[in-house]
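One structure below.
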Amino acid sequence: MEGTGGSTRRLFVAVPLPDSVVRFALGAQGLLPHLAGLRLLDAGQLHVTLAFIGQADACKTEAARAAIAGLPGDGGGEAMIDGFLLLPSGERARVVALGVTDETGVLGRLFETVTRRLEEAGVMRRDRRPFRAHVTIARMRRAGRVQPTSDCGQIVFAVESVCLYESELRREGARYTVLARSDLQKARGRETA
């Protein structure tokens, strides 16, 4: 339980996906080969991660809530899922994702704002790896070759909120609970793709 001697929560910040994009992602999973060790993520696990915080005590959890709840409301916009992204490569994939094109920079701006606010609140330090927007749809137990049966296509989606999630790791897969949410609208004068 939160607030009891030294207990922590596993936290991350992400952009939730509209239902139409969740359905699109689930359809893309159907284009993946049946491979031993390939685990498909559930609909409730699909999102665009902005920041992985990791274990946080009660004080850091509250600071993260405040940082996310206080995001400026004009940070929304549009982005586009543009096909499969195999990480680190198609030959040695550990993660099967959908790549996200961020032509308007909405996700890049949110990443910078969220990361800065969490750093200033003492919740986390910036990851050294560059931000690469994507939606993880499956994970491989061991790195291996993954070849989807066909291209999944593209879909444009609205970036309308940012959430602080708690991740509870379970045998059947992680379960995510929203701890804080900041709704977003597209800023006036900002063009979208």
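None of the figures in this text is laboratory data; all of them are computed from the coordinates on show. Just so we're clear, the structure is a prediction, and the values are computed from it rather than from any experiment. When we count neighbours, we look across all protein chains shown, and the Cβ atoms used for this are built from the backbone with ideal geometry, even at glycine.
With R₀ fixed at 41 Å, the C-beta to C-beta distance from residue 128 to residue 43 puts the FRET efficiency at about 0.85. Applied to region 36-49, the Karplus parametrisation 6.51 cos²θ - 1.76 cosθ + 1.60 on θ = phi - 60° returns per-residue 3J(HN,Hα) values of 4, x, 8, 10, 7, 7, 7, 3, x, 9, 9, 5, 10, 6 Hz, with x for Gly and Pro. Under a Cβ-Cβ cut-off of 11 Å, what is the net charge of the residues other than residue 146 that fall near it, where Lys and Arg count +1 and Asp and Glu count -1? So the surrounding residues net to +3.
Of the trypsin sites (Lys or Arg not before Pro) found in region 151-181, those that fall in a DSSP loop while having at most 12 other beta-carbon atoms within 10 Å are 170, 171.
Summarising the label geometry, the points placed 7 Å from Cα in the beta-carbon direction at residue 31 and residue 178 lie 2.9 nm from one another.
Volume per residue of the convex hull around the Cα atoms, evaluated for region 123-193, comes out as 202 Å³.
This model, with +1 at the C-beta of Lys and Arg and -1 at the C-beta of Asp and Glu, gives the chain a dipole about its Cα centre of some 740 debye. Taken one residue at a time, the phi angles of region 112-124 give Karplus couplings (6.51, -1.76, 1.60, θ = phi - 60°) of 4, 5, 4, 4, 4, 5, 5, 5, 4, 7, x, 7, 7 Hz. Gly and Pro are set to x.
For region 1-64, the average shadow cast by the Cα convex hull is 6.1 nm², which is a quarter of the hull's surface. With the convex hull drawn over the C-alpha atoms of the chain, the volume per residue is 121 Å³. Coupling constants for region 13-24 follow from the phi torsions by the Karplus curve (6.51 cos²θ - 1.76 cosθ + 1.60, θ = phi - 60°), and in residue order they are 10, 8, 9, x, 9, x, 3, 4, 6, 4, 4, 4 Hz; glycine and proline get x.
For region 9-183, relative contact order (Cα pairs under 8 Å, six or more residues apart, normalised by length) works out to 36 percent.
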